[in-house]
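I have placed the structure first, in the form of structure tokens, so that the comments after it can refer back to it.
A short reminder: the numbers here are calculations on the coordinates, not readings from a lab. Bear in mind that the values here come from a model prediction, so they are computed numbers and not experimental data. Every residue, glycine as well, gets a Cβ built from its backbone with ideal geometry; the counts of neighbours run over all protein chains shown.
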Amino acid sequence: MVEFLGLAAHPVVQAPMAGGVSGPELAAATSRAGGLGFLAAGYKTPEAMAAEIERLRQLTGRPFGVNLFLPQPGNADPAAVTAYRDRLDGEATRYRAALGDPGQPADDGYQAKVAVLVRDPVPVVSFTFGCPSARTLESLRRVGTVTVVTVTTPAEAVAAERAGADAVCAQGVEAGGHQGTHHDDAGRDGAGLGLLALLALVRDAVTLPVIAAGGLMRGGQIAAVLAAGASAAQLGTAFLACPESGAHPLHKAALTDPGFPHTELTRAFSGRPARGLVNRFLREHGRRAPAAYPQVHHVIAPLRRAAAEAGDPQAMALWAGQGHRLARDLPAGELVGTLVEEIAAARRGWDR
């Protein structure tokens, strides 16, 4: 099996899942097994990100990546955010939680994090929610870092190539968690492309290596996207259930719980489209949530924590891709090995 960009023995990338899921232990276990592990720097301070990088380096000498969120434009309607916050007063009472402040910074410490990564380089840096400037990409290239931009359309892939990215991650609408669209257009909610169609269109639009992401849970699926032209496959929900994952136990259990049979894209928990298991909170509030990221995220974050502390998954953001029922409770290294065996088995089946 050909190494992915000289970074990993196997074309298996562990998706960066923010909110404490993708920490040093999960990334290290993935990289030690020959995949490419990722730290999620979203929602962390630059100092916390640097500390996790140091911890990861203590756990493995293998290559790994760090994912950054692009700053958001700050064009949310304050009145819509206030109205949604007022709507959640009953939820705050239910969980005895104070709702958060929507006025917190919307840049996620982006420039400071880039400065840390230029000063103390890591093998790979990926970007979500936009395309970094050519200057930022060049500054990382000069220190030997491979850069990857998450894209959801061929036009976004072209923009990434023109800016100087080394690769793109094509994220299909099947993916769990946030859709990595460069522009949050409320009029296109749910109109994203499926992975195979997106992969073909992106391959036609750019010459960059493409990482395929969205609903991938088994090695046979990875073999299929590799055959369709992807250089590697990125899996998030598949790694969510691993013991090294920082996901809440209720979240892990819900992936295969018959009580959570399907997923939907929703703005209910963050103000940006994200795919999660359908629960009470999503059903009751999803249609009323405004296009306002990260304002809605900041409002609801304390409520989500309170629900988790109360042992109630019905008000937690249970991010999951469409293939969530195929989740396996395996250590990350064992999961990588299993996926590699399944890729090989699928290819043998095709050769018969």
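Rounded if a/c is under 1.5, else prolate if a/b beats b/c, else oblate: with a ≥ b ≥ c from the C-alpha gyration tensor eigenvalues square-rooted, which is region 106-249?
Numbers: a/c = 1.43, a/b = 1.23, b/c = 1.17.
Judged from the Cα gyration tensor, region 106-249 comes out rounded (a/c under 1.5).
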- In whole Hz, what ³J(HN,Hα) sequence does region 249-261 give by Karplus (6.51, -1.76, 1.60; θ = phi - 60°), x for Gly and Pro? x, 5, 5, 4, 5, 5, 4, 10, 7, x, x, 10, x
- Note on the structure: Helix 110-119: inclination vs the chain longest Cα principal axis, degrees, rounded to 10, gives 30
- Message: Which of Arg188, Arg288, Arg304 ends up with the largest GNM mean-square fluctuation for the chain, with Cα atoms connected below 10 Å?
- Response: Arg188
- Item | Positive-end extreme of charge dipole, region 281-352 - chosen from His324, Ile300, Ala289 (charges on Cβ) | Ala289
- Message: Running a GNM on the chain with Cα contacts under 10 Å, which residue among Phe129, Phe260, Phe239 ends up with the highest mean-square fluctuation?
- Response: Phe260
- With springs only between Cα atoms under 10 Å, which of Gly259, Gly276, Gly109 fluctuates most in a Gaussian network model of the chain? Gly259
- Built amide H within the under 5 Å cut-off of Val146, gap 5+: Val124, Val125
- Task: In debye, nearest 20, what is the charge dipole magnitude of region 260-352 about its Cα centre with +1 on Lys and Arg Cβ and -1 on Asp and Glu Cβ, if you could check?
- Result: 420
- How far is it, in nm, from the label point at Arg135 to the one at Arg162 when both lie 7 Å from their Cα along the line to the Cβ? 1.9
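Would you mind counting up the charge near Ala197? Only other residues with Cβ under 13 Å from its Cβ, with Lys and Arg at +1 and Asp and Glu at -1.
On the way: positive: Arg203; negative: Glu174, Asp204.
With Lys, Arg at +1 and Asp, Glu at -1, the neighbours total -1.
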- Message: Whole-Hz ³J(HN,Hα) for each residue in region 289-298, computed from phi via Karplus 6.51 cos²θ - 1.76 cosθ + 1.60 with θ = phi - 60°, x for glycine and proline: what do you get?
- Response: 6, x, 7, 7, 10, x, 4, 5, 4, 5
- With a/c under 1.5 counting as rounded, go ahead and sort region 173-326 into rounded, prolate or oblate using the C-alpha gyration tensor (a ≥ b ≥ c being the square roots of the eigenvalues; past the cut-off, prolate if a/b is larger than b/c, else oblate). oblate
- Message: In whole Hz and in residue order, list the ³J(HN,Hα) couplings for region 225-232 that follow from phi through the Karplus curve 6.51 cos²θ - 1.76 cosθ + 1.60, θ = phi - 60°; x for Gly and Pro.
- Response: 6, 5, 5, 7, x, 6, 8, 6
- Charge dipole (debye, nearest 20) of the chain; +1 at Cβ of Lys and Arg, -1 at Cβ of Asp and Glu: 200
- Query: How much net charge surrounds Cys131 when only the other residues with a Cβ under 11 Å from the Cβ of Cys131 are counted, with Lys and Arg +1 and Asp and Glu -1?
  - Reply: -1
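Taking neighbour Cβ counts within 10 Å as the exposure measure, how do Ile53, Ile211 sort from fewest upward? Working shown, then result.
On the way: Ile53 20, Ile211 27.
Lowest count first: Ile53, Ile211.
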- Message: Tell me the net charge near Glu341. Cut-off is 12 Å between Cβ atoms, Glu341 excluded, with +1 for each Lys or Arg and -1 for each Asp or Glu.
- Response: +1
- Message: Helix-only mean residue ellipticity at 222 nm, the chain, DSSP H runs n ≥ 4 weighted -39,500 (n - 2.57), per residue, nearest 500. What is it?
- Response: -11500 deg cm²/dmol
